[in-house]
Amino acid sequence: MPTPQTPYDAVLHAGRDIAKVDSALDAEMLGAALLGSVYAIAETDRASAVRDFVGGFLDHTARRRTAAARVLRAVFAALVPDAAGAARVTAAARGTDALPAWLGHLGKARLTDSCAYGDAYGDQTSYLAVFDYPDPDLGGPPHAVVILVDHNIGIVKDVFVGYPAERVLAEVHKAAETDELVWLEPVEPAAVRAGVAPYLEITDGLSELPDGGSLATDLALVTARLAVLPAPAPAPPPATPADPAQLVPAFLDSPHASELDRSTEDTKAALDFSIQLILDFARDAPDADPLRWSPAVVGLFLLDWVHRRAVLDEHDVAMLPRVVRAWAAWAAQRRGTPPAAAMSTDAAIETMTPEFVRLHGTGERRTAAARAMAQLLADGVDPANADAIDAWLRSQPVPPDPGAQPNGHRPH
């Protein structure tokens, strides 16, 4: 066979056996996997890239009469119904006797159940929706669509389609029944769509997708299933973030903060600075919640964020893990976090503290701005004195121009 000449021909070749699968679900899963390659390599606005690709594919194959071309056109049109030309393909695909009997069942799956589950920390929420076909022999078996939302990084981290749906549901129920840190509750179908949509929009704009999982390969089918769910009601106004003016005094007056050292001006300053770092970190987080802590959040803060965003002295280094430990315990009590979850977070802080200290010592995760600030402080320059900073900057050696020639001239 000659080498495919266009991306459309390459996808058509990859899906050449699609007319031989046993059901509409199998065809939709294969079609989604093919479109997943488009989603994965798109550099920006991945959803639009898939939609544009399907529109181009339908136009490019409009005169193809092979079974593979006709079936793949129908599958893509069912998965991406808002692509240019999809409505005409869907209508033309009906009543085609020479094609698979399941062709008319594409896109006909209907919702039968929906729920959500997640961890007690609030790190992640998974939405699960079960679908079936009016004719399971041709459409395919009941199947579960699962979308994993990660609240720490604010994206859809993974999706997958699994069947039989009963087995997927049984595994979720077992996890919730046997693990006190897992919750499970029924949700309205519109809540599934509302809970996923904003995170999926952010995921579509990522320059790189999360490693592993089946995000790209299953997403076109998941998106098609989400599209048949009821549209959510207008979103309520976002919750007002906790007021630091109220949180900080409440924390400092709590038993959790009673053992934090405030005996000297240095320790008082380090305590205040540590609390401000916690509030700044929360403000940068997707949910902007300074009371939500977990082992994962602790890792993001102590082992990454603080090294990129702050310059610490020895008093800060000694104080910060202690303040985080006290704040996380106080926040867990205030939120009603299960004791086992609070204990896990506390243990994580203790475990991560040596690595936090090591990273401070090496400076390996500092940004260029943080490195410059650290050097400025080491040279005794007051960060609040603009004239002193300007003089310090003028005293720094000028780095060599990488584009200059040995004689000092730039190349023409």
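Rule-based calculations on the coordinates, nothing more; no lab input. Every value quoted in this text rests on a predicted model; they were computed, and no experiment measured them. Every residue, glycine as well, gets a Cβ built from its backbone with ideal geometry; the counts of neighbours run over all protein chains shown.
Between Glu188 and Val228, what length in nm is gained on full extension when 0.36 nm per residue of separation is reduced by their alpha carbon distance? Before the final figure, lay out the partial values.
On the way: separation 40, 0.36 × 40 = 14.40 nm, distance 1.33 nm.
Full-extension gain reported as 13.1 nm.
How big is the dipole moment of segment 7-105 about its Cα centre under a simple scheme where the beta carbon of each Lys and Arg is +1, that of each Asp and Glu is -1, and everything else is neutral? Debye, nearest 20, please. Mind dumping the intermediate values first?
Details: 11 positive and 11 negative charges, 81 e Å.
Rounded to the nearest 20 debye, it is 380 debye.
For a test of the definition: using alpha carbon positions, the gyration tensor, and the 1.5 limit on a/c, classify segment 227-363 as rounded, prolate or oblate. Because a/c hits 1.5 or more and a/b exceeds b/c, segment 227-363 counts as prolate.
If you put +1 on each Lys and Arg Cβ and -1 on each Asp and Glu Cβ, how big is the dipole of segment 1-46 around its Cα centre, in Debye rounded to 20? Present the calculation step by step, with values, prior to reporting the outcome.
Details: 3 positive and 7 negative charges, 22 e Å.
In total the dipole reaches around 100 debye.
Normalising the average separation of contacting C-alpha pairs (under 8 angstrom, six or more residues apart) by the number of residues puts the relative contact order of segment 7-105 at 31 percent. Arranged from fewest to most other beta-carbon atoms within 10 Å of their beta carbon, Thr44, Thr345, Thr267 become Thr44, Thr267, Thr345.
Averaging sequence separations of C-alpha pairs under 8 Å and six or more residues apart, then dividing by the length of segment 244-362, give the relative contact order as a whole percent. So the answer I get is 33 percent. Per-residue Cβ neighbour counts within 10 Å put Glu259, Glu180 in the sequence Glu259, Glu180, beginning with the fewest.
Relative protection proxy for 356-365, 32-41, 197-206, from highest mean packing down: 32-41, 197-206, 356-365 (other beta-carbon atoms within 10 angstrom). Taken about its Cα centre, segment 244-362 carries a charge dipole of about 340 debye when Lys and Arg each add +1 at the Cβ and Asp and Glu each add -1 at the Cβ.
Mean sequence separation of contacting Cα pairs (under 8 Å, at least six apart), scaled by the length of segment 110-227, corresponds to a relative contact order of 28 percent.
Spin-label pair Ala269-Ala197: with each label point 7 Å from Cα along the Cα-Cβ axis, the two points sit 5.0 nm from one another.
At a 10 Å Cβ-Cβ cut-off, how would you order Val187, Val50, fewest neighbours first? Each step should come with its number before you reach the end.
Numbers: Val187 17, Val50 26.
Neighbour counts put them in this order, fewest first: Val187, Val50.
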